[in-house]
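S.K.: Here you go, one structure.
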């Protein structure tokens with residue numbers, strides 16, 4: 001606990017020129033006396049920390065100080081190395097650098113990175129353009145560059161967008177880009193798979209970063225991202241699945257929205273605005289699915305079933 005406080009004090013002082021004892025005490029939720037003892041402990045450990053008196057005074061670090069790896073526990077060092085290892089799966093410059101940050105930190109920590117986890121976010125059979133798409137999005141976010149690409153929406157309409165990317169989001173097995181869309185003059189969430197990777201272009205236009213709204217504005221209570229759409233105000237979708245559909249249902253819905261009924265059927269309630277694609281996906285359950293509400297989804301299912309019968313399917 002004390003080691004964690006010491007690290008947070010040093011980090012705070014590296015972020016700000018001066019912190020008062022009171023500010024540090026509030027941040028760490030300890031007494032000013034404890035902060036003073038921690039500052040003394042840091043000084044005794046060789047950290048160039050000192051207290052300036054008078055107006056504008058407080059706790060300070062000597063300019064140019066960089067953090068000592070000894071302030072981190074072995075577990076924290078392992079966590080940092082693991083996080084960088086995961087980042088390298090989507091960061092080509094980091095992954096390709098022979099003298100990578102990962103190896104330099106491992107040497108600083110005097111620890112060999114544990115090869116205990118392997119993550120590959122790329123798609124099965126993804127072409128090289130997939131990696132270039134990630135690189136372009138990352139570059140656009142890091143350096144505030146406008147990104148241009150062709151985008152295909154749920155209705156299979158293609159538009160050319162110029163956007164100001166703010167964040168790369170991974171949600172439910174898919175990558176999304178949150179960005180200010182210059183065509184719509186509003187925030188949008190674009191699914192990476194719907195972008196034409198060959199068309200992605202990093203424009204020489206630098207934009208002033210905007211404060212992105214909370215991601216919950218684009219995600220319904222069921223956790224579904226509203227692809228390239230308006231903020232979500234999602235209705236209730238209640239369904240009951242036959243026991244033989246249990247395996248598929250558990251793969252496609254979160255555990256907390258599934259209730260097993262006494263007869264073995266599965267009750268699923270989510271909040272979302274069903275798209276046409278989602279409706280056809282639900283229809284693929286056939287007789288294993290009963291929609292309880294809303295009524296219009298029940299009517300749509302019946303209409304599809306009647307149409308199939310009329311066609312002799």
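FYI, it's all coordinate maths here, none of it is from the lab. All values reported here derive from a predicted model rather than from experimental measurement. When we count neighbours, we look across all protein chains shown, and the Cβ atoms used for this are built from the backbone with ideal geometry, even at glycine.
S.K.: Could you list 256, 26 so that the one with the fewest beta carbons within 10 Å of its beta carbon is first and the one with the most is last?
M.R.: The most exposed by this proxy come first: 256, 26.
S.K.: Within a 10 angstrom radius of the beta carbon, how do 202, 282, 309 rank from fewest other beta carbons to most?
M.R.: On the way: 202 15, 282 19, 309 9.
Placing the least packed residue first, the sequence is 309, 202, 282.
S.K.: Direction-averaged shadow area of the convex hull around the Cα atoms of the range 236-310, nm²?
M.R.: Details: hull surface 20.1 nm².
That works out to 5.0 nm².
S.K.: Right, another one. Quote the relative contact order of the range 2-69 in percent (integer), defining contacts as alpha-carbon pairs under 8 Å separated by 6+ residues.
M.R.: Numbers: 64 pairs, mean separation 22.6, N = 68.
Normalised by residue count, the contact order of the range 2-69 is 33 percent.
S.K.: Continuing with this model, one more query. Which of 167, 77, 55 comes first, and how do the rest follow, when ranked by fewest Cβ neighbours within 10 Å?
M.R.: Numbers: 167 13, 77 18, 55 5.
Placing the least packed residue first, the sequence is 55, 167, 77.
S.K.: Taking the Cα centroid of the range 186-209 and of the range 246-285, what is the distance between the two, rounded to the nearest whole Å?
M.R.: 33 Å
S.K.: For the pair residue 246/residue 131, report the inter-label distance in nm, with labels modelled 7 Å from Cα in the Cβ direction.
M.R.: Simple spin-label model gives 4.4 nm for this pair.
S.K.: Kirkwood Rh and Cα-based Rg: tell me the resulting Rg over Rh for the range 128-218, rounded to two decimals.
M.R.: On the way: Rg = 12.1 Å, Rh = 13.1 Å.
Over the Cα atoms of the range 128-218, Rg/Rh equals 0.92.
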